[in-house]
Amino acid sequence: MAVLDSDKIFAGSIPENYDRYMVPLIFEPYAADFAERAASFSPGTVLETAAGTGVVTRALAPRLAPGASYFVTDLNRPMVDYAASRQPPDGRIAWRAADALALPFEDASFDLVCCQFGAMFFPDRIAGYREARRVLKPGGHFLFSVWDRIEENVFADDITNALARIFPRDPPLFLARTPHGYHDTAMIRSELEAAGFSRVRVETRAEQSRAPSARLPAVAYCQGTLLRNEIEARDPAGLDAATDYAAAALADRHGAGVIAAKIQAHIVTALG
């Protein structure tokens, strides 16, 4: 599925809801591991692209050396501003709105470029990978992660199926199309190699997504992601009803109390 232009703009109340609900639900389980991998390269200069609301930034910054420099970027200025507001003061960090496909940095500027769950949103991934390689120093590392197929990410799949029952003629497919639309590991390797990377390694890692009730994942996905825009495009007054329906579907399958389900992602490293 192609990435739509509307799949890239996180604005309005989405950054706050994204950080409040989505980050603990699916991003935090991977952020500590991701930060540990990034820190293992002992980078002195780091660029993070598609940083979102800063979950990796908060995990990685304490692991970097006192003299390191860390540029944190996202295409969406509201996400960058929200991430900066969540981060303790740190003179090593510079915040910038930047397009990963047209990075405003000189060639060979960074020891490490990292991107947790952002590459799926690139309209031209090979171009994005070439940019990452361009700004890497020789022998630098590119570390990123993408979600596996939606069927391996249970809450996202359940909610997508529930919304398809509400909107059968035009089901909202944002989650399947974009966050979970780039899961073919052979394609990932091929595109990285086309961009000039070598020593590509892909590790598939399963985690658990946990929530105090079925309501939280429903709110997280329906109101904290761009799925919200698709619901409101189909029914401008229907967001709450759609969220309620998704919550009921999750409760029917997983129970009314604390719930947990599988999430799965690919973690990719490549040498520049």
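General observations
- Residue of 67, 181, 255 that the Gaussian network model of the chain assigns the largest fluctuation, springs spanning Cα pairs under 10 Å: 67
- The per residue volume of the convex hull around the alpha-carbon atoms of the stretch 179-272 is 123 Å³.
- In the context of the full set of protein chains, residues of the chain present 41 Å² of accessible surface per residue (probe radius 1.4 Å, heavy atoms only).
- Our helix-only sum for the chain, with -39,500 (n - 2.57) per DSSP H run of n ≥ 4 divided by its residues, gives a mean residue ellipticity at 222 nm of -11000 deg cm²/dmol.
- Geometric extent, Cα atoms of the chain - Rg, Dmax (angstrom): 18.2, 56
- Test item: Cα-centred dipole of the chain, Lys/Arg +1 and Asp/Glu -1 on Cβ, debye: 460 debye
- Surface share of carbon and sulfur [accessible, 1.4 angstrom probe, percent] for the chain: 50 percent
- Rounded to 0.05, the FRET efficiency of the residue 240 and residue 42 pair, given R0 = 45 Å and the Cβ-Cβ distance, is 0.40.
- Length added when fully stretched, residue 81-residue 161, from 0.36 nm per residue minus Cα-Cα: 25.5 nm
- Calculated FRET efficiency, residue 248 to residue 20, Cβ-Cβ distance, R0 = 25 Å: about 0.70 to the nearest 0.05.
- At R0 = 41 Å, FRET efficiency that the Cβ-Cβ distance of residue 151 and residue 94 yields, to 0.05: 0.55
- Under a Gaussian network description of the chain, with springs only between Cα atoms under 10 Å, the residue in 156, 241, 195 that fluctuates furthest is 241.
- Computed log₁₀ I(q)/I(0) - Debye formula, equal Cα scatterers, no solvent, the stretch 1-148, q 0.09 Å⁻¹: -0.24
- In nm, spacing of pseudo-spin labels at residue 206 and residue 189 (7 Å Cα→C-beta vector): 2.2 nm
- Amide hydrogen neighbours beyond the local backbone of residue 122, cut-off 5 Å, H modeled: none
The values are calculated or read from the model by the stated rules, or taken from the named source; none is laboratory data. Quick caveat: nothing in here was measured; it's all calculated off a predicted structure. Neighbour counts are summed over all protein chains in view; Cβ atoms, including those assigned to glycine, are modelled from backbone coordinates with ideal geometry. Heads up: the accessible areas ignore ligands, DNA and RNA and are worked out on the full protein's heavy atoms, side chains in. Shrake-Rupley method; radii C 1.70, N 1.55, O 1.52, S 1.80 Å.
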